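Structure first, commentary second.
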Amino acid sequence: MYIRNTWYIAAEPGELADRPIARTMLEKPVVLFRTEAGKVVALEDRCPHRFAPLSLGRVIGERIQCGYHGAQFDATGACAHVPGQDLVPPRARIASYPVLERHGYVWIWLGDPAGATDTSSIPEFLYRSGDRGWDGGYGHFESIGANYNLINDNLFDITHAEYVHPESFGGEEMRLYRRSKPGTEYVDGEMTWSATERTIVFRMRSLNMATGGPFYRWMVASSLGRDSYPDPIDLDMEVSWGAPSYTSFLLNARPAGQPRETGVEVCNMHAITPESAASSHYFYRSVKNYGDAELAKVFVNGVRSIFDQDKPLLEAQQRRVGHVDLFDQHPVSFGGDLLQQKARHINRRLLEREGDDGRELGAALSAGGKARGSS
Amino acid sequence: MYIRNTWYIAAEPGELADRPIARTMLEKPVVLFRTEAGKVVALEDRCPHRFAPLSLGRVIGERIQCGYHGAQFDATGACAHVPGQDLVPPRARIASYPVLERHGYVWIWLGDPAGATDTSSIPEFLYRSGDRGWDGGYGHFESIGANYNLINDNLFDITHAEYVHPESFGGEEMRLYRRSKPGTEYVDGEMTWSATERTIVFRMRSLNMATGGPFYRWMVASSLGRDSYPDPIDLDMEVSWGAPSYTSFLLNARPAGQPRETGVEVCNMHAITPESAASSHYFYRSVKNYGDAELAKVFVNGVRSIFDQDKPLLEAQQRRVGHVDLFDQHPVSFGGDLLQQKARHINRRLLEREGDDGRELGAALSAGGKARGSS
Amino acid sequence: MYIRNTWYIAAEPGELADRPIARTMLEKPVVLFRTEAGKVVALEDRCPHRFAPLSLGRVIGERIQCGYHGAQFDATGACAHVPGQDLVPPRARIASYPVLERHGYVWIWLGDPAGATDTSSIPEFLYRSGDRGWDGGYGHFESIGANYNLINDNLFDITHAEYVHPESFGGEEMRLYRRSKPGTEYVDGEMTWSATERTIVFRMRSLNMATGGPFYRWMVASSLGRDSYPDPIDLDMEVSWGAPSYTSFLLNARPAGQPRETGVEVCNMHAITPESAASSHYFYRSVKNYGDAELAKVFVNGVRSIFDQDKPLLEAQQRRVGHVDLFDQHPVSFGGDLLQQKARHINRRLLEREGDDGRELGAALSAGGKARGSS
């Protein structure tokens, strides 16, 4: 069901500012808090005494104190103090989960603790910096009623934009992506993709777009301080996916004919952490290399309102899918699904490696190639 | 559980005016829509590609387009177009259900397709026309939390009116119905009933009603343009039930002593379509042969407010009944239940014919007779 | 699961003033009503005819009439009248539960009817009277989402007050209770406890309290007509617990050095009736021997607002505990749990006596003793 031996995003740093928070991940109830010294701690959210959630308690120095009877637990999950008695029962201990802060997020390891030292599952592409300062904002949806794979499919799939997001990402340029299979309707455009053991990246370039692309067009307009930009534009897009559930869209847009180096860039990053088989936490961030903090807010609100279009669809899809994994129900596949299926395949392989009952999606997909050529 | 080889009401025509609708019937998710050419289509509400409900999509000419990735399906359930590719996977096909329009409703057949050509399960009594034009309005309750048999019992049972609807249908005249069994308290009144293989009709006549019958009294008053009618009235009532879940009340009321032909008539029609074992769709219509459109609205709103009295009772009854059919829990029966039990018996027989595990309700009830005599 | 052969509180008398009420207890749906003659009756809340809840009907003289078809049931649960027929089917009968009124409550017996004559399970300590008139008010929480044992633990446990109710019961004086085990931090104070087969009483005395004890301090202030009382006070507390779920706090507070006889007294009484494995009814009353009706209201509202602090904690605790009894999940115990565990032990023994599958909590606790000495 869940890939356990991997790092997941547990929280935005800002969520831990003043009190412990409760978050169920991979069906485990976890309490997250920051100690007085600034260390982030993740513990089983259940006091071993009477099973009250520790997230209802409060932070006392380097420990969390249960809100019911005052027992205190340190970062290792050991009970360090019981009010009214000198001895602490040795069994008074709860699970502690490895956590770390990286790329502007708090990450958690819920698998075999021995593997936590390997942080290679934290994708580098979730971090953007550079000569021109990137800035932007956070946002997240707490508990969307859909399995993480369905959200994952959705994010690493630009072909739905034409139907679900016609007024933002949904221009015809999205159809280029479909060209990774024979029999396409649309022509032109440069698309390539490549894969490693747990990542897939594809790149597309759309030059001289005279129509469509409302969002890219708006990027150009806002960078020029205008309300709209009706003339042709050039667009580069790089979509990076990392197992099990990370997707990043790096966009470069500029007036047609200008060099790529002059384009303004936006990066929208998405991360899913499974809550249960049918619900997920979805974290997103939108950063850009131009404009001010006010514009940053506009962007992050934009990402939210776009995903607000997906949310009811995903939750309705989950109701139709039910309790059996979509891919075990033999859905029909289209040409545009190639990379999405490949991502599913990578996740299946990771599950199998953990001894989970993930079944093969079909013939192994080849590990990369030039999209145009492969058809 | 469900009688499948029968026609059910799927929708009011007006519901399909501008967009597809989703409706779960007999636990099957169905999307209903009207094509540009005016044809009504019912398909499985699940795209075979990623299982998104097609009801979230839109009608394009004679097809419905999935709102997620744009695949289009025709009236047969075949996928007719996949954006971005010339070939359509042959497996891309969903169930299509026979539909037809009759008696002012859209009907659906969810059973063995071979049987759909037989439309004899659509009861003629749901249609009223004649020399004097009938008119009236539609209404429906979407998803009442009760098994269709409980609602069916309720509709084909006028003895509850005295307790649940005292200010409308609930006068003493309702008690005449109880006379189909020995030991009645009430006297007088003419009541007969007759049955066929899947219908039951009973008729009663109440002459010179000096008190009670608020609704019938109001019919007379409104036909005369008065606010009330305090003098005695004559009433004929014909209640028709058709398996599995159709009930119609034909009422003729007039000042006492006037010939029946001069009476004003109202027909309230009720149809239940099972949604799940514990929930149902309830469609109703109230038509009459006098008065204007304004009065028609008053009538249809009246039917709703009367059923609003039944709804909480039915849902509470369902909670007490739970997951086992009421009649398998050996409820006590009263004299007034005769025809209701007979209707249950007909439905059981239809279930058995489909190979379902419906159990016999008890000794077979005789197929008709004169109520007065049978006691 | 449930101790059945015991008297439970079913309702406050005021709840039965004008109409029948529905209440599920020990998973049994029950209708409670007061007849015209003033007798309280408790019946199975399900008409044997069509399973409608009788609680939707109304009281007619000494009977309750079903709101669906008008059948009437007497206090024994026998159907006494079916409209429209002279004969009543002999099977038309529902369960009737013994009820009685005592100590200002309506009590119900849901176990083996033969045992209902023994009323010794109704704890005397829920009744307070005397030379100085006690008065006070009622309150209850309908359906708290927690097993009755969790609420029971909570009420018969003053050690949580320091963390959950710091501004009322939560002063350091509460820590004295912890002294029933070795290794305590706190000193001084007199505490003793004693137990019978189904009750436990403990008493503590805290003299010359210079700080803390906001509620006791406020008792003294309000008895003197002042807003606050900053000087030292003396406190006696007697906490009585009775199986399966009764707890009473008798408090005597006065300015330090005054004789106990001059102290003002408050008694807060708590009773839990299981609704289901994960929900309960909680009745409470606060009475006192001084002040007026206005002050009585302040007290009963105070009890509610204090329990409003426990409620979210208990419901969160229940979610963590899940469907297996907390004590079968081997929680860690602290010193302050001694009497709470003893109460659990008494309830287990009662369950076992009824043939229920209650498992032993551990070594049998001795039946009493002097707390100070026992460590």
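The values are calculated or read from the model by the stated rules, or taken from the named source; none is laboratory data. Owing to the predicted nature of the structure, the values given are computational and were not obtained by experimental measurement. With ideal geometry, Cβ positions are generated from the backbone for all residues, glycine too; neighbour counts draw on all protein chains shown. Note: accessible area is taken over every heavy atom of the protein model, side chains too, but ligands, DNA and RNA are not part of it. Shrake-Rupley method; radii C 1.70, N 1.55, O 1.52, S 1.80 Å.
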Checklist entry - Just one of A:P48, A:P29 is of a type outside the set (S, T, N, Q) and part of a loop (DSSP other than H, G, I, E, B); which is it? => result A:P48
Checklist entry - Is it true that some residue in the range B:282-294 is assigned to a helix (DSSP H, G or I) and crowded, with 16+ Cβ neighbours inside 10 Å? => result no
Checklist entry - Taking A:E142 and the conditions (1) under 30 Å from A:L295 (Cβ atoms); (2) surrounded by 17 or more Cβ atoms within 10 Å (Cβ to Cβ), which numbered condition does it fall short on, given that it satisfies the others? => result (2)
Next on the checklist: Residue pairs, Cβ under 8 Å, 6 or more apart or interchain, first in the range B:226-239 and over 11 Å from B:G213 (Cα atoms) and in contact (Cβ under 8 Å) with a residue 40 or more places away in the chain, second of a type outside the set (V, I, T) and part of a loop (DSSP other than H, G, I, E, B). List them.
Outcome noted: B:V239/B:F156
Item to check | Given (1) within 12 Å of chain B (Cβ to nearest Cβ); (2) open to solvent by less than 10 Å² (accessible area, probe 1.4 Å); (3) under 24 Å from C:A243 (Cα atoms), number of the condition C:I3 does not satisfy | outcome: (1)
Checklist entry - Is one or more of the residues making up the range C:124-146 of a type in the set (S, T, Y) and at pLDDT 95 or above? => result no
Item to check | Count - residues of the range B:271-304 that are more than 19 Å from the chain's Cα centre (by Cα) and among the hydroxyl-bearing types (S, T, Y) | outcome: 1
Checklist entry - Looking at the range C:84-112, which of its residues are under 28 Å from C:Y68 (Cβ atoms), out of contact with any strand residue (DSSP E or B) (no Cβ under 8 Å at 6 or more places or on another chain) and open to solvent by 80 Å² or more (accessible area, probe 1.4 Å)? => result C:D86, C:L87, C:P90, C:R91
Checklist outcome for this item: For the range B:305-334 the number of residues that are surrounded by fewer than 17 Cβ atoms within 10 Å (Cβ to Cβ), under 19 Å from the mean Cα position of the chain (by Cα) and within 9 Å of chain C (Cβ to nearest Cβ) is 1
Checklist entry - Which of (1) within 14 Å of chain B (Cβ to nearest Cβ); (2) touching a residue at least 12 places away in the same chain (Cβ under 8 Å) does C:W109 not meet, given it meets every other one? => result (1)
Item to check | Residues (among the basic types (K, R) and more than 21 Å from C:Y68 (Cβ to Cβ)) located in the range B:275-332 | outcome: B:R285, B:K288, B:K297
Checklist outcome for this item: Scanning the range A:66-83 for residues that are open to solvent by 40 Å² or more (accessible area, probe 1.4 Å) and either away from chain C (no Cβ under 14 Å) or among the acidic types (D, E) (or both) gives A:D74, A:T76
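Quick check on the range B:23-59: of everything there that is acidic (D, E) and open to solvent by 10 Å² or more (accessible area, probe 1.4 Å), which residue is farthest from the other protein chains (Cβ to nearest Cβ)?
Of the range B:23-59, the ones acidic (D, E) are B:27, B:36, B:44-45.
Okay, now just the ones that are also open to solvent by 10 Å² or more (accessible area, probe 1.4 Å), so B:27, B:36, B:44.
Values: B:E27: 12, B:E36: 19, B:E44: 10 Å.
Applying the filter and picking the extreme gives B:E36.
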Checklist entry - Got at least one residue in the range A:91-99 being more than 26 Å from A:M269 (Cα to Cα), away from every other protein chain (no Cβ under 14 Å) and at pLDDT 95 or above? => result yes
Checklist entry - What tally of residues in the range B:250-264 results from selecting those that are outside any loop (DSSP other than H, G, I, E, B) and open to solvent by 30 Å² or more (accessible area, probe 1.4 Å)? => result 4
Next on the checklist: Against the definition (in a strand (DSSP E or B) and buried (at least 21 other Cβ atoms within 10 Å of the Cβ)), how does A:E275 come out, yes or no?
Outcome noted: yes
Checklist entry - How many residues are not small (G, A, S) and not in a helix (DSSP H, G or I) when one looks only at the range C:321-335? => result 7
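Here is a yes/no grid of residues against (1) over 30 Å from B:P123 (Cβ atoms); (2) modelled with pLDDT of 95 or more; (3) among the small types (G, A, S):
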position	(1), (2), (3)
B:Y8	no, yes, no
B:F33	no, yes, no
B:K39	no, yes, no
B:P48	yes, yes, no
B:R58	yes, yes, no
B:A75	no, yes, yes
B:Q85	yes, no, no
